[in-house]
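The values are calculated or read from the model by the stated rules, or taken from the named source; none is laboratory data. In this text the structure is predicted, and so the values were computed from the model without any measurement. Glycine gets a Cβ as well: all are built from the backbone with ideal geometry, and neighbour counts include every protein chain shown. Just so you know, the surface numbers come from the protein's heavy atoms only, side chains and all, with ligands and any DNA or RNA stripped out. Shrake-Rupley method; radii C 1.70, N 1.55, O 1.52, S 1.80 Å.
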Amino acid sequence: MLVATLVALVVVEVAADISGDGVFRLFLAAFLAIGIARVIANVAYIRSPQNPADRVATRRWELAALAGAWGFAAVVGLSGGYASLKHAGTPAEFLVGCCVIAYVAGISSRNASRPLITVGQISATCFPFVGALVLAGDLVHLALGAMICALYASTIVMCRKVYDTIVSRHRAQAKLERLALRDPLTGLLNRSAFFERLEQALGSLDPSRCLGLLAIDLDRFKDVNDTLGHPAGDKVLLETAERLRTILGAEDCISRIGGDEFLVLAEADTPAGIAATAQRVADCLGKPILLDLTRVTCGASIGYAVAPRDGSYLDELMRHADLALYAAKRRSAGSVVGYEAQFSAVYHERMELLADLQVAMEENQFELVYQPIVNPSDGRTVCCEALLRWNHPRRGVIPPSVFIPLAEATGLIVPIGAWVIREACREATFWRSDINVAVNLSPVQFKDGEALIETVLQCLAATGLAAYRLELEVTESVLIEDAEEALSLISALRRQQIGVALDDFGTGFSSLGYLHEFPFSKLKLDRVFSRNLVGSRRSAAIVRGVVQITRDLRMELVAEGIETAEQLDSASRLGVNAVQGYLFSRPLSAERLRETINAPIQPTSRPPRRSGAVNAHSAA
């Protein structure tokens, strides 16, 4: 830049001297002014702080550079044109004209990688210069003009190719950046990019402000995917992302980290401000979404942690937000929960329990107890339900309600469940041949499909128990998740003469449609009906109807939770021919059970004591 300016100054000064034309000194002044301005701009750019993210400042410096380059080129073209018109055939024209041609040639070769600057410079130089050559009118000037036009055209073509290459390269780079930093569906930041943004925000956090990390999980997203298909699920995710953008007003603080999970950064003056933002997000995501002609409501559970109150480091803040989200999902759909110190204690307790659970089978800490199911007319035992207990060496007896959800969440329920089936089948071989054994199945086990059937058959073969003596109990949750797969699996079990019972019938979404579609061998009425049998005409009418249905379908019917003589009398009068509950027996150890079931079991006259008793069904 500086060299070009000095050369231009020398050339026009020499032209002015040899021609005696003072106009050339006007060109000299123009070159000098432009050169000074470009030097000042360059120095200012070097001294200013460089921030590539500041697009406004970057654009301003780019425009300044273009203006300087194009202005210099225009003066070169004008000086050459003036020399050709006013001093044709003189040394002044020869000197200036040769310098102009050399400048044009230099532009086409030197700046080829910068097409925008090149096109502007060569156009600003060639248009006035070629125009003057054409006005000169003689053959030499016209030929020179044609040559410069050819050079101009070839330069334009080359710049277009370079431009296309640069654009395609930029697009490829932008695509790579999106793939590396953005979620391909929603365009939000991905996990790694968001965590980098979070670290920056934590490092630059104003001590007087609060930074909130919101962990968001859509509540009924799986239902949308399962019922309306994955394209509908994608639309829900896109709408969720758009609503988050609208609420928060920025994209660089929102991330989709996978599936239906999102993370959000929010700043406020106080933790209460973070809580208010979280509630606004929950309210917005709880509004219905229109999918074609269907309105769906997913809603979202939100857990949040606030820095610096709940942690000043990324891992710590993320862990606490996750714990808050876990607490929110345990409460109810659409809950918003902030982190509390007790959540960490619960988490550590859970992790310790999980570690102990992983070695419980190896150390024979599990035990099966059995609760008889009896015929109320004669007290004869017809079946025994196997219930799982965990005898922890330090914590004592841990009920299934505590450890079964943990086993299901980690997949440990599959090997535990296989052990339960095998042990229950083995124990049943010591009973009379007319007494069956019932084992509860977890929905996680049920998802194994053919593997579950193979496990059951292997247990029967290893213990020698007849298949018809084994009953597998399932709840409606396994039917709701995948009815077609459940029907196939239950039918396969029934073909092997293995009984399948629908447990806790009458609660949740239980419907008579299940009895029509699925080949159950037994129905177990939930204890809520037993509890309300006395004094409730509604419960009695429902039970009477179920009794008639099961008779017509040739299914067995068991009333659970029979605890008083009045409940037993009502169930018997309604036609229930099998009952289970504390009135006849609590869950018993294998040894005590063998003694108990050898004779009819008579109902006890004492009311049941609940303190210390655990009657939760095992999910295995």
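Taking the stated definitions as given, is I498 assigned by the TED database to the domain that holds V576, open to solvent by 60 Å² or more (accessible area, probe 1.4 Å) and of a type in the set (V, I, T)?
When the stated conditions are applied, I498 does not pass them.
Just to check your reading of the model, which residue among S401, S344, S332 is in contact with a helix residue (DSSP H, G or I) (Cβ under 8 Å, 6 or more places away or on another chain), among the hydroxyl-bearing types (S, T, Y) and either open to solvent by 60 Å² or more (accessible area, probe 1.4 Å) or more than 30 Å from L568 (Cα to Cα) (or both)?
S344
Would you mind stating whether V558 is among the β-branched types (V, I, T), modelled with pLDDT of 85 or more and buried (at least 16 other Cβ atoms within 10 Å of the Cβ)?
Yes.
Can R280 be described as more than 18 Å from the chain's Cα centre (by Cα), assigned to a loop (DSSP other than H, G, I, E, B) and within 22 Å of R197 (Cβ to Cβ)?
no
Report yes if some residue within segment 153-166 is part of a helix (DSSP H, G or I), surrounded by 18 or more Cβ atoms within 10 Å (Cβ to Cβ) and either touching a Ser or Thr at 6+ places or on another chain (Cβ under 8 Å) or not assigned by the TED database to the domain that holds V104 (or both); otherwise report no.
yes
In segment 377-398, which residues are open to solvent by 30 Å² or more (accessible area, probe 1.4 Å) and either polar (S, T, N, Q) or touching a residue at least 60 places away in the same chain (Cβ under 8 Å) (or both)?
Correct list: S377, D378, R380, V382, N391, V397.
Restricting to segment 421-480, name every residue that is under 27 Å from A409 (Cβ atoms), touching a Cys at 6+ places or on another chain (Cβ under 8 Å) and not hydrophobic (A, V, I, L, M, F, W, C).
Across segment 421-480, the qualifying residues are R422, E471.
Can you tell which of D17, D21 is of a type outside the set (A, V, I, L, M) and not in a helix (DSSP H, G or I)?
That would be D21, the only listed residue that is of a type outside the set (A, V, I, L, M) and not in a helix (DSSP H, G or I).
Within segment 290-321, can you find the residues that are part of a strand (DSSP E or B), surrounded by 14 or more Cβ atoms within 10 Å (Cβ to Cβ) and not aliphatic (A, V, I, L, M)?
S301, G303, Y304
Can you pull out every residue in segment 509-530 that is part of a loop (DSSP other than H, G, I, E, B) and open to solvent by 70 Å² or more (accessible area, probe 1.4 Å)?
Within segment 509-530, F509 is the sole residue that qualifies.
Just need a number here: residues in segment 542-555 that are part of a helix (DSSP H, G or I) and open to solvent by 50 Å² or more (accessible area, probe 1.4 Å).
The number of residues fulfilling the criteria is 6.
Select from segment 207-245 the residues that are among the polar types (S, T, N, Q) and free of Cβ contacts under 8 Å to residues at least 12 places away in the same chain and write down the one among them that is surrounded by the fewest Cβ atoms within 10 Å (Cβ to Cβ).
T227
Check G80, G89 and return the single one that is part of a helix (DSSP H, G or I), modelled with pLDDT of 80 or more, more than 30 Å from A193 (Cα to Cα) and not assigned by the TED database to the domain that holds C253.
G80
Here's a check for you: in segment 437-490, which residue that is in contact with a Pro (Cβ under 9 Å, 6 or more places away or on another chain), open to solvent by less than 30 Å² (accessible area, probe 1.4 Å) and part of a helix (DSSP H, G or I) is farthest from G417 (Cα to Cα)?
Applying the filter and picking the extreme gives I490.
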